[in-house]
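Written out below as structure tokens is the structure these notes cover.
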Amino acid sequence: MAIVIVGLVLSNGCSTTCCKQKAAATSSSTPCMDVLARFTAPDVPAVGPVEQPVPMGRWTNALTPPNLPGNGLAQHPMLYIGESCNTIFLINKGKVIWTYSTGKGNELDDAWMLSNGNILFSRMQYVAEITPEKKEIWRYTCPTNAQIHCCQPIGMDKVLLIQNDLPPHLMVINIKTGAVEVDHVVPCRSLTDPKTVHPQYRRVRYTADGHYLVPALGLGTNGVVIEYDQNFNEVWHYNIRSPWAAIRLKNGNTLITDEGDKLQREVNPRGETVWELKPTDLPEQYRYINTQSCTRLTNGNTIVCSRGGSGKGPQLVEVTPDKKVVWVLQDWKDLGPATAVQVLDDPGIPEIPGESEH
């Protein structure tokens, strides 16, 4: 069964476009930077009420190569997560200023800092929103044997996710009322084989024009990125081997991360490749070992996230449009693997779809 609403409305009652205009007039262009002091305030506990500390992996003894491009941890203020390390890291001015751990098990895949400072994240078994003071204010737990690998805020009161299951569901949940406002079955490889659940879907994104951009990772031999309108009519698709993430850029193109082929590919609406990055495009010492997502900055640079190899290889690599490496982060002492990063001083209000390209 599919329950669909047309025209998602943000928490202030405006459409996405209207809300965007009002937010631009009334809010800082980098609202996440304005709330960073909350994370180091005296009332922030070392361990939150439902936080479950986990030890760092064996990678902490790995050495950082000398003379890496950029400024190490000081390059960008950022929210940082990675598979195999169930800790959310908040970094500012070259230091980890706040962490939040979610205990043993699998796996952190998606995270957002909202303009009010709250953090929304997915952790395979659930999606949750927490405050800087480490209070959990909302959680959606998926059914047994189902999985969630993605989330996106739509305004302050709605969350988009895909629940991998038999069958998988694309859902929009109102976190204020608890109502499931969209529940739509999306394609899957099998309706009976539980082994096909894990690879079904990773990132889903709601675009500025109200469409759903859905990378289908595990539907068979080859993957596909599908764009649906609000009535779930397909309006665009792009075939690619194993799309882990896809983001709609402000120029109208789509930036896809292919996990299997370890590449970032930007394609235009006609499906033509206009930019592509592979590890072999980079000097050998800066090559990322694997990749699941990336983010596009306002200045046109792209930051590639890599889970690395348990202390081997860089976690983040930033390149210019002409593929010049300007920053390499390889810091296994302070951080774990990188699956996703949100750069906090890049302009845009995260909960307004289309403003944050991560």
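When residues of segment 135-163 are filtered for being assigned to a loop (DSSP other than H, G, I, E, B) and free of Cβ contacts under 8 Å to residues at least 60 places away in the same chain, how many remain?
8
Could you count how many residues in segment 317-340 are closer than 28 Å to Arg58 by Cβ and assigned to a loop (DSSP other than H, G, I, E, B)?
The total comes to 10.
Do we find that Pro314 is part of a loop (DSSP other than H, G, I, E, B) and more than 18 Å from Ala62 (Cβ to Cβ) in this structure?
Answer is no for this residue.
From the residues in segment 341-356 that are in a loop (DSSP other than H, G, I, E, B) and more than 14 Å from Ile154 (Cα to Cα), which one is least open to solvent (accessible area, probe 1.4 Å)?
Leu344
Which residues, taken from segment 255-278, are surrounded by fewer than 19 Cβ atoms within 10 Å (Cβ to Cβ) and in contact (Cβ under 8 Å) with a residue 12 or more places away in the chain?
Gly260, Asp261, Asn268, Pro269, Gly271, Val274, Trp275, Glu276, Lys278
What is the residue count in segment 164-175 for residues that are open to solvent by 10 Å² or more (accessible area, probe 1.4 Å) and part of a loop (DSSP other than H, G, I, E, B)?
So the answer is 4.
Just one of the numbered conditions (1) polar (S, T, N, Q); (2) modelled with pLDDT of 95 or more; (3) crowded, with 19+ Cβ neighbours inside 10 Å is not true of Asn299; which one?
Condition (3) is where Asn299 drops out.
Can you name every residue in segment 82-94 that is under 13 Å from Ala340 (Cα atoms) and assigned to a strand (DSSP E or B)?
Of everything in segment 82-94, those that are under 13 Å from Ala340 (Cα atoms) and assigned to a strand (DSSP E or B) turn out to be Gly82, Cys85, Asn86, Thr87, Ile88, Phe89, Leu90.
For (1) assigned to a strand (DSSP E or B); (2) surrounded by 14 or more Cβ atoms within 10 Å (Cβ to Cβ); (3) of a type in the set (D, E, K, R), each residue gets a yes or a no:
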position: Asp43; (1), (2), (3): no, no, yes
position: Leu63; (1), (2), (3): no, no, no
position: His76; (1), (2), (3): no, yes, no
position: Tyr80; (1), (2), (3): yes, yes, no
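Somewhere in segment 282-298, is a residue more than 30 Å from Arg58 (Cβ to Cβ) and over 19 Å from the mean Cα position of the chain (by Cα)?
No - not one qualifying residue is present in segment 282-298.
Considering only residues that are open to solvent by less than 20 Å² (accessible area, probe 1.4 Å), assigned to a loop (DSSP other than H, G, I, E, B) and at pLDDT 95 or above, look in segment 204-224 and name the one that is nearest to Lys250 (Cα to Cα).
Only one residue tops the list, namely Thr207.
Would you check which residues across segment 315-333 are touching a helix residue (DSSP H, G or I) at 6+ places or on another chain (Cβ under 9 Å) and within 24 Å of Cys150 (Cβ to Cβ) and list them?
Within segment 315-333, Val317, Leu329 meet the criteria.
Name every residue in segment 189-203 that is within 19 Å of Ile226 (Cβ to Cβ), in a loop (DSSP other than H, G, I, E, B) and under 22 Å from the mean Cα position of the chain (by Cα), in order of residue number.
Val197, Pro199, Gln200, Arg202, Arg203, listed by residue number.
The values are calculated or read from the model by the stated rules, or taken from the named source; none is laboratory data. No experiment lies behind these values; they were computed from the predicted model shown. In this analysis, Cβ positions are derived from the backbone assuming ideal geometry, glycine residues included, and neighbour counts consider all displayed protein chains. Side chains are part of the model used for accessible areas, which takes the heavy atoms of the whole protein and leaves out ligands, DNA and RNA. Shrake-Rupley method; radii C 1.70, N 1.55, O 1.52, S 1.80 Å.
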